Amino acid sequence: MILPFEPHDPKWKKQFESIKLELQFLLKPLNPQIDHIGSTAVEGLSAKPIIDIQIGVENETDLDWLPGLLKLPNIVYYEKYNQDWPERRFFILLKEPIYSIGVPDVVKIGDDIPAILHDHELRIAHLHAFVKGSSDWTRHLALRDYLIAHPTIRESYQELKEKLTQLDWKDGNDYNMGKDLFLKTQEKIALLWHKERIQ
């Protein structure tokens, strides 16, 4: 599959703000920190037009509350991923209600992901939830801010993304693996930069 890839669009920030309001309402009991992360949060970066949103909660108990609170007709919870990444809860927000495309509201551990959910054209947003202050929560914010503050690194990332999106990928996870070495290298630098800024 060739993944959709678009020049940075100011509407992405507006989409994030709209989704954030809805999430704040649904998750009011947890009072989470909700941040725009990923390439759509960085002006000047092209991206798949899917908004990456990070939900920061106070503790692991709050993480376990999320699936019960994030109940919308167009949200799918990927419980399946908890096995490999127990510190995260992952959801996708779809353009269509799940009943209209015949998918479950939870992809359970041991289940195959329905083929239609690999279609990125159906997705509005990815929701990544972590405990605030955890290493994953911090690295997403650090990388976002580092890319915003360092145009040369941002341009190198842009060039890599342009090359990768010309290739035919099995799914979005394979595409993400293509970016992995660059991102892991830059994340280490971004974390040091972030640590210096907050001291």
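The values are calculated or read from the model by the stated rules, or taken from the named source; none is laboratory data. Please read these numbers as outputs of a predicted model, since none were measured by experiment. With ideal geometry, Cβ positions are generated from the backbone for all residues, glycine too; neighbour counts draw on all protein chains shown.
Worth pointing out:
- Residue that is farther than 19 Å from residue 64 by Cβ, touching a strand residue (DSSP E or B) at 6+ places or on another chain (Cβ under 7 Å), modelled with pLDDT of 95 or more and not in a helix (DSSP H, G or I), where the choices are 93, 141: 93
- Residue satisfying condition, being part of a loop (DSSP other than H, G, I, E, B), within 15 Å of residue 89 (Cα to Cα) and among the aliphatic types (A, V, I, L, M), within set 109, 113: 109
- Long-range neighbours under 7 Å by Cβ, at least six apart or interchain, first residue touching a residue at least 12 places away in the same chain (Cβ under 8 Å) and more than 9 Å from residue 80 (Cβ to Cβ) within the range 102-121, second assigned to a loop (DSSP other than H, G, I, E, B) and not hydrophobic (A, V, I, L, M, F, W, C): 103/114; 118/171; 120/4; 120/48; 121/4
- Matching residues, the range 116-138, being out of contact with any helix residue (DSSP H, G or I) (no Cβ under 7 Å at 6 or more places or on another chain) and either at positive phi or not in a helix (DSSP H, G or I) (or both): 119, 123, 124, 126, 127, 128, 132, 133, 134
- Selection from the range 144-199 of residues that are over 17 Å from residue 45 (Cα atoms), loosely packed, with under 14 Cβ neighbours inside 10 Å and at pLDDT below 75: 167, 168, 170, 173, 177, 199
- All told, residue 64 meets the bar of being acidic (Asp, Glu), within 14 Å of residue 130 (Cα to Cα) and in a helix (DSSP H, G or I).
- All positions within the range 39-53 that are under 13 Å from residue 93 (Cα atoms) and part of a strand (DSSP E or B): 51, 52, 53
- Total residues in the range 67-90, condition part of a loop (DSSP other than H, G, I, E, B) and either polar (S, T, N, Q) or buried (at least 17 other Cβ atoms within 10 Å of the Cβ) (or both): 5
- Of the residues making up the range 27-38, just one is assigned to a helix (DSSP H, G or I), touching a residue at least 12 places away in the same chain (Cβ under 8 Å) and surrounded by fewer than 16 Cβ atoms within 10 Å (Cβ to Cβ), namely 29.
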